[in-house]
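Visitor: Here it is, the structure, as structure tokens.
The values are calculated or read from the model by the stated rules, or taken from the named source; none is laboratory data. All figures in this text were calculated on a predicted structure; none of them were measured in a lab. Cβ placement follows ideal geometry from the backbone for every residue including glycine, while neighbour counts extend to all protein chains displayed.
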Amino acid sequence: MIYARSGRSARARQLVESLQGRFVDRLQGVSRDLGHPVAFNPVRWLRDEGRHGGGVRFVAADTPVFNRGSVNVSQVHYDDLPDKRLSSATALSSIIHPQNPHGSSVHMHISWTEMRSGEGYWRVMADLNPSLVESADGDRFAKALRAAAPDVYPHAAAQGDRYFTIAVLGRTRGVTHFYLERYTTGDYDADEALANAVGLASIDTYTDLLKDALIAHPEPTPAERERQLEYHTVYLFQVLTLDRGTTSGLLVHDQNDVGILGSLPAQVDRQRLASWKPSMPAPQDELLAALVDALADERPSPVDEATKRRLAQVVRAHYRRHPAALDLQAAGGVVPPTVANHAEVPAER
């Protein structure tokens, strides 16, 4: 795998790889302390056979502790393609779904984007996603994020609340949100330190919360598992119909579909998902219908690797057919130009 040449992209890769290692170690520690030692296994993927980078994700699935877990680091670059707008993009993207519904899911994304012009910016996200809402957990996660980035926390929390609103369902995904998009103060060192602080706070606080919840509630009830299945269905719905980061990744290339959809839980309720179609505006009603068709007609419906590939193809085909529908996706105050970044700079006339 060939990495990006720029010094700032190398620093960003070092940062996200350090956070990845810490998160994997702590997740494995939680599982071990609960009597279920398990390793997150590395899976490599290459962009254009490694010429333009790639990544490694550490995954765990169907273990006594983890329903699905993915901690992915990637770096894509175009050092040999000077006509591209983008120079490099370096990211940590992670989602953890525990087996026990008392353990919250968590999503975290930290990335550095560097343009051909030399300009760059960060994207920093962290959100706690419980199936069974415990207000104390949300408060504890929010407190840690506020302490990590006190100056920007009010803005980041408001942007996250806006981004994760699911208007057609009258709810949000998750209870505590942090979202900075295209963030830069012009001081790379300070911005890098903020991204690292938010990552560390998210990792350490979440793994403590997870361990505490699983110790306190070792035997969930059938009703609690039903609520988890409902929430996992909401999660898949939000990711595949609203999340710009997921859609952008699928539109830019098709070389890591399973990794990009690593955020999806292991099972969903297909019938419940289909019941939301009447609430969808056109043409998103077509998208939801096609997503439902890509799932096995059983309950719960499994979301395995073959299913993820089908779902990725559905999303990619839909937005190529209806590019204007991208405007219907979630947004904070700033819309990231991710797909446009990967295009070539127009020639001067």
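Visitor: If you take the residues of the range 120-156 that are of a type in the set (D, E, K, R) and over 15 Å from Glu181 (Cβ atoms), which of them is modelled with the lowest pLDDT? Before you say what the answer is, go through the steps one by one.
Guide: Restricting attention to the range 120-156, the residues satisfying the condition of being of a type in the set (D, E, K, R) are 123, 127, 134, 137, 139-140, 143, 146, 151.
Now drop any that are not over 15 Å from Glu181 (Cβ atoms), which leaves 134, 137, 139-140, 143, 146, 151.
Details: Glu134: 83, Asp137: 96, Asp139: 96, Arg140: 97, Lys143: 98, Arg146: 98, Asp151: 98.
Top of the filtered list is Glu134.
Visitor: Let me ask something else about it. Do we find a residue being touching a Ser or Thr at 6+ places or on another chain (Cβ under 6 Å) and acidic (Asp, Glu) anywhere in the range 138-152?
Guide: Kept after step one, since they are touching a Ser or Thr at 6+ places or on another chain (Cβ under 6 Å), are these residues of the range 138-152: 138, 141-142, 144.
Restricting the remaining residues to those that are acidic (Asp, Glu) gives none.
No, every residue in the range 138-152 fails to be touching a Ser or Thr at 6+ places or on another chain (Cβ under 6 Å) and acidic (Asp, Glu).
Visitor: If a residue counts only when it is β-branched (Val, Ile, Thr) and surrounded by 15 or more Cβ atoms within 10 Å (Cβ to Cβ), which helices (runs of 4 or more DSSP H) contained entirely in the range 235-329 have at least 3 such residues?
Guide: On the way: elements: 244-252, 257-260, 270-275, 284-294, 305-321.
Correct list: 244-252, 305-321.
Visitor: Separate question: Suppose the filter is without any contact (Cβ under 8 Å) to a residue 24 or more places away in the chain and among the aliphatic types (A, V, I, L, M); does Ala136 pass it? Before the answer, list the steps.
Guide: Working: without any contact (Cβ under 8 Å) to a residue 24 or more places away in the chain: yes; among the aliphatic types (A, V, I, L, M): yes.
Yes, satisfied.
Visitor: Has the range 207-223 got any residue that is closer than 25 Å to Ser18 by Cα and surrounded by fewer than 18 Cβ atoms within 10 Å (Cβ to Cβ)?
Guide: yes
Visitor: Quickly run through the range 183-229 and pick out the residues that are in contact with a Ser or Thr (Cβ under 8 Å, 6 or more places away or on another chain) and either part of a strand (DSSP E or B) or of a type in the set (Phe, Trp, Tyr) (or both).
Guide: Result: Tyr206, single match.
Visitor: If I go through the range 1-18 residue by residue, how many of them are surrounded by 13 or more Cβ atoms within 10 Å (Cβ to Cβ) and part of a helix (DSSP H, G or I)?
Guide: Residues meeting the conditions: 10.
Visitor: Which one of the conditions (1) closer than 19 Å to Gly259 by Cβ; (2) surrounded by fewer than 15 Cβ atoms within 10 Å (Cβ to Cβ); (3) more than 20 Å from the chain's Cα centre (by Cα); (4) not aliphatic (A, V, I, L, M) does Gly21 fail to meet, given that it meets all the rest?
Guide: Result: Gly21 passes all but (3).
Visitor: Can you name every residue in the range 163-184 that is surrounded by fewer than 21 Cβ atoms within 10 Å (Cβ to Cβ) and in contact with an Asp or Glu (Cβ under 9 Å, 6 or more places away or on another chain)?
Guide: Within the range 163-184, Thr172, Val175, Tyr183, Thr184 meet the criteria.
Visitor: Could you tell me whether Ala190 is of a type in the set (Gly, Ala, Ser), surrounded by 23 or more Cβ atoms within 10 Å (Cβ to Cβ) and out of contact with any helix residue (DSSP H, G or I) (no Cβ under 7 Å at 6 or more places or on another chain)?
Guide: No.
Visitor: Among the numbered conditions (1) surrounded by 15 or more Cβ atoms within 10 Å (Cβ to Cβ); (2) free of Cβ contacts under 8 Å to residues at least 60 places away in the same chain; (3) not in a helix (DSSP H, G or I), tell me where Pro37 comes up short.
Guide: Failing condition for Pro37: (1).
Visitor: Can you pull out the residues in the range 183-205 that are charged (D, E, K, R) and closer than 13 Å to Arg26 by Cβ?
Guide: Keep residues of the range 183-205 that are charged (D, E, K, R), which gives 187, 189, 191-192, 204.
Asp204 - this is the single residue of the range 183-205 that is charged (D, E, K, R) and closer than 13 Å to Arg26 by Cβ.
Visitor: Could you run through the range 40-62 and say how many residues are assigned to a loop (DSSP other than H, G, I, E, B) and of a type in the set (Asp, Glu)?
Guide: Kept after step one, since they are assigned to a loop (DSSP other than H, G, I, E, B), are these residues of the range 40-62: 40, 47, 51-52, 62.
Then keep just the ones that are of a type in the set (Asp, Glu); that gives 62.
Looking only at that region, the number is 1.
Visitor: Could you tell me whether Thr307 is out of contact with any Lys or Arg (no Cβ under 8 Å at 6 or more places or on another chain), farther than 29 Å from Asp25 by Cβ and free of Cβ contacts under 8 Å to residues at least 60 places away in the same chain? Quick ask: steps written out before the conclusion?
Guide: Numbers: out of contact with any Lys or Arg (no Cβ under 8 Å at 6 or more places or on another chain): yes; farther than 29 Å from Asp25 by Cβ: yes; free of Cβ contacts under 8 Å to residues at least 60 places away in the same chain: yes.
Taking the combined requirement at face value, the residue satisfies it.
Visitor: How about the range 77-99: which of its residues are outside any strand (DSSP E or B) and not hydroxyl-bearing (Ser, Thr, Tyr)?
Guide: In the first step, residues of the range 77-99 are kept if they are outside any strand (DSSP E or B); the result is 78-83, 85, 99.
Asp79, Asp80, Leu81, Pro82, Asp83, Arg85, Gln99 - these are the residues of the range 77-99 that are outside any strand (DSSP E or B) and not hydroxyl-bearing (Ser, Thr, Tyr).
Visitor: Count, please, the residues in the range 100-138 that happen to be under 15 Å from Thr172 (Cα atoms) and either of a type in the set (A, V, I, L, M) or part of a strand (DSSP E or B) (or both).
Guide: 9
Visitor: Could you go through the range 106-128 and let me know if any residue there is over 30 Å from Arg47 (Cβ atoms) and surrounded by fewer than 20 Cβ atoms within 10 Å (Cβ to Cβ).
Guide: Checked the range 106-128: no residue is over 30 Å from Arg47 (Cβ atoms) and surrounded by fewer than 20 Cβ atoms within 10 Å (Cβ to Cβ).
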